[in-house]
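Report on the structure given below.
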Amino acid sequence: MMMKSKLFLAVAAAMATQATMAASVDYHGYLRSGSGGASKGGREVCFGLKAPAFGGKVGGAGRLGNECDTYGELSFDAAMGESNGVGFKLHTMLAFSQEQLKDEEKVPTAWRQTWVEATNIGGAGGALAHAGIWAGKRFYKRHDAHIADFFWSASTGPGAGIENIELGFGKFSYALMRNDDGGSASEAVTNHDFRLEGIAANEGGSIDVTLNAVAKNQVDGKNGSNGYAFGVGHNQADPFGFGGFNNLVFQVAKDAANLDQSATWLKSTDSKKSWRIVEHLVVEPKDSNWNGALFAGFGEEKLNGVKNKTMSVVVRPVYHFTDNYSLAFEAGTTSVKPDSAPTQRLSKLTIAPQLSMGKSFWARPTLRAYYTYAKWNQAAQTAAVSTANPGGVVSGKGNQFAYASKTSGSSYGVQMEAWW
C-alpha cells in the first residue's frame with residue numbers, strides 16, 4: 001500500500017510539473033499572405049533590382065505591396081525552470097515560404113531556430129549576474145528596417161556563445177558561429193562574433209560596436225579565405241521628442257566576412273571589400289493621426305575588382321482615420337551603379353487602405369488592400385535580361401515574362417500581415 005501511495009504521489013508530481021511547464025510556453029511568430037493581379041494579367045508581380053552591398057534586399061524600393069509569397073515563422077519558447085538561480089529556456093522556430101499559387105502547396109519547413117540558453121549565470125552580483133550562455137541554432141541579435149525587409153545585422157545558424165556580460169560602460173557578448181556555406185565540409189566558415197552594446201552616448205542615445213573575425217576552412221584540398229567585419233551604430237530613443245526611435249549604422253567588411261555580421265565561404269583567390277551606411281527612423285507622435293518610418297542606405301561592394309554602388313530610400317507615412325482604419329503610403333527608389341555601365345534605377349509607389357488592431361505603426365494583425373506602380377529605366381531592364389532573367393526586374397509565376405520589354409508596371413491585391 002505504501003509503495004502504491006508513493007507511486008501515485010510521484011505521478012501526480014510529474015503531471016503537476018508538466019502542467020507548470022506547459023503554462024510557461026510562449027507561442028509567437030510572423031505571418032503574411034495575400035492575393036492579387038497585375039497590369040499585364042495573371043497574378044500579382046513583384047519589382048526589384050539586385051542590390052550589392054545590401055544582399056539584394058533593398059532592390060524592391062520598399063516591401064509594401066511588393067510581396068508575392070506566403071511566409072511564416074512559428075516560434076515556441078519555454079521557460080524550463082530554475083536551478084540555484086540560473087534560469088533555463090528553450091527556443092524553437094519553424095519557418096516556411098510558399099509561392100502563393102494555389103490552395104495546397106507542398107513545401108518543406110525549416111527549423112530556423114533550436115537553441116537553449118541559461119540566464120543569470122553569475123549569481124547575485126558581478127559582471128555575470130545577468131549574463132547568459134547559449135548553444136544551438138539561432139537568429140543571433142538581428143536588427144532590421146521593417147519597411148525595406150532588410151536586416152543590417154543577420155548572423156544566423158549553428159553556434160554557441162556568452163552574452164550580456166556587464167562591463168560597467170556597456171555589455172559584452174561573444175558568439176562562435178559555423179555554417180556550411182557550399183554544401184560540403186570543405187566550404188564551411190567559422191565566424192567569431194564580438195559585440196559591445198549599450199554604451200551611453202547622450203541622453204536617450206547609445207552606441208553598439210561589432211567585430212567579426214572569419215577563419216578559413218581547409219578540407220579536401222580547397223583553400224578558403226579569411227575575413228573581417230566592423231560596425232558601429234548609434235541608437236536614439238525619441239529623437240524628436242514625440243515618440244519613436246532612430247538607428248544610424250556604419251559597416252565595413254572584407255573577403256569572407258559580410259557586412260551583416262554573417263560569413264560566406266570565399267575562394268582564397270577571390271577578394272571582396274564592402275561598406276555601407278544605414279539610416280532607419282520610426283516616428284510615433286503622441287496624440288496624432290500620423291506615424292511612419294524611413295529607411296535610407298548607401299553602400300559599395302567591390303568583388304574581384306568589379307565595383308557596384310547601391311543607394312536606396314524608402315518612406316512609409318500612415319494616416320489613421322480611427323484607431324482601426326488607416327491609409328498607408330510607401331514611396332521608394334533604388335539605384336545600382338556598376339563599374340563602366342549605366343546606372344540602374346527602380347522607383348515604386350504604393351497606396352494601401354488598412355484595417356489594423358490599433359493605431360500604432362506596429363499594430364498587427366493588419367488587413368490591407370494595395371495598388372503598386374513601379375517604373376525602372378532601360379539600364380535596369382537590360383542588365384536583368386542579360387543575367388538570364390527573362391522577366392527583367394519583375395518576378396511572379398508565369399506572367400513576369402510579359403514585362404520583358406517594359407520599363408513600368410503595376411500590381412494590386414489584398415494582404416494580411418500578423419505578428420504576435
Filtered residues of the stretch 394-417 (kept if of a type in the set (Val, Ile, Thr) and at pLDDT 95 or above):
Val414
Can you tell me which condition Asp270 does not meet? The list is (1) surrounded by 15 or more Cβ atoms within 10 Å (Cβ to Cβ); (2) over 19 Å from Phe361 (Cα atoms); (3) not hydroxyl-bearing (Ser, Thr, Tyr), and all the others hold.
(1)
Taking the options Leu303, Leu248, Leu266, Leu281, name whichever one is without any contact (Cβ under 8 Å) to a residue 40 or more places away in the chain, at negative phi and touching a strand residue (DSSP E or B) at 6+ places or on another chain (Cβ under 9 Å).
Leu248
In this structure, does Ser340 turn out to be modelled with pLDDT under 95, hydroxyl-bearing (Ser, Thr, Tyr) and either on the phi > 0 side of the Ramachandran plot or out of contact with any strand residue (DSSP E or B) (no Cβ under 8 Å at 6 or more places or on another chain) (or both)?
yes
Quick one: in the stretch 139-161, which of the residues that are buried (at least 18 other Cβ atoms within 10 Å of the Cβ) and more than 30 Å from Val283 (Cα to Cα) is modelled with the lowest pLDDT?
Gly157
Does any residue of the stretch 353-373 turn out to be within 30 Å of Leu303 (Cβ to Cβ) and at pLDDT 90 or above?
no
Which residue, of Ser340, Ser288, Ser326, Ser271, is under 25 Å from Ser225 (Cα atoms) and either more than 25 Å from the chain's Cα centre (by Cα) or free of Cβ contacts under 8 Å to residues at least 12 places away in the same chain (or both)?
Ser271
Among the candidates Ser312, Ser326, single out the residue that is among the hydroxyl-bearing types (Ser, Thr, Tyr), in a strand (DSSP E or B) and closer than 15 Å to Gly48 by Cα.
Ser312
Before we move on, is Pro342 in contact with a helix residue (DSSP H, G or I) (Cβ under 7 Å, 6 or more places away or on another chain) and either surrounded by fewer than 21 Cβ atoms within 10 Å (Cβ to Cβ) or closer than 19 Å to Gly56 by Cα (or both)?
yes
Go through Glu104, Glu82, Glu117 for me and flag whichever is over 30 Å from His280 (Cβ atoms), part of a strand (DSSP E or B) and not hydrophobic (A, V, I, L, M, F, W, C).
Glu82
With charged (D, E, K, R) and either surrounded by 15 or more Cβ atoms within 10 Å (Cβ to Cβ) or more than 30 Å from Tyr370 (Cβ to Cβ) (or both) as the only criterion, which of Glu82, Glu99 stands out?
Glu82
Residue check: is Phe230 free of Cβ contacts under 8 Å to residues at least 24 places away in the same chain, at negative phi and assigned to a strand (DSSP E or B)?
yes
Quickly run through the stretch 162-190 and pick out the residues that are modelled with pLDDT of 95 or more, within 21 Å of Asn226 (Cβ to Cβ) and over 19 Å from the mean Cα position of the chain (by Cα).
Tyr174, Leu176
Does the stretch 359-373 include one or more residues that are surrounded by 19 or more Cβ atoms within 10 Å (Cβ to Cβ) and within 21 Å of Thr407 (Cβ to Cβ)?
yes
In this structure, is Met93 surrounded by 17 or more Cβ atoms within 10 Å (Cβ to Cβ) and closer than 21 Å to Arg138 by Cβ?
yes
Does any residue of the stretch 329-339 turn out to be in a loop (DSSP other than H, G, I, E, B) and touching a helix residue (DSSP H, G or I) at 6+ places or on another chain (Cβ under 9 Å)?
no
Residue that is nearest to Lys254 (Cα to Cα) [pool: residues in the stretch 267-286 that are assigned to a loop (DSSP other than H, G, I, E, B) and of a type in the set (S, T, N, Q)]:
Ser271
With the condition kept exactly as written, say whether any residue in the stretch 235-249 is at pLDDT 95 or above and surrounded by 23 or more Cβ atoms within 10 Å (Cβ to Cβ).
no
Yes or no: the stretch 313-322 includes at least one residue that is within 17 Å of Cys46 (Cα to Cα) and of a type in the set (Ser, Thr, Tyr).
no
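The values are calculated or read from the model by the stated rules, or taken from the named source; none is laboratory data. Everything numeric here is computed off the predicted structure, so don't read it as measured data. Cβ atoms come from the backbone with ideal geometry, glycine included; neighbour counts cover every protein chain shown.
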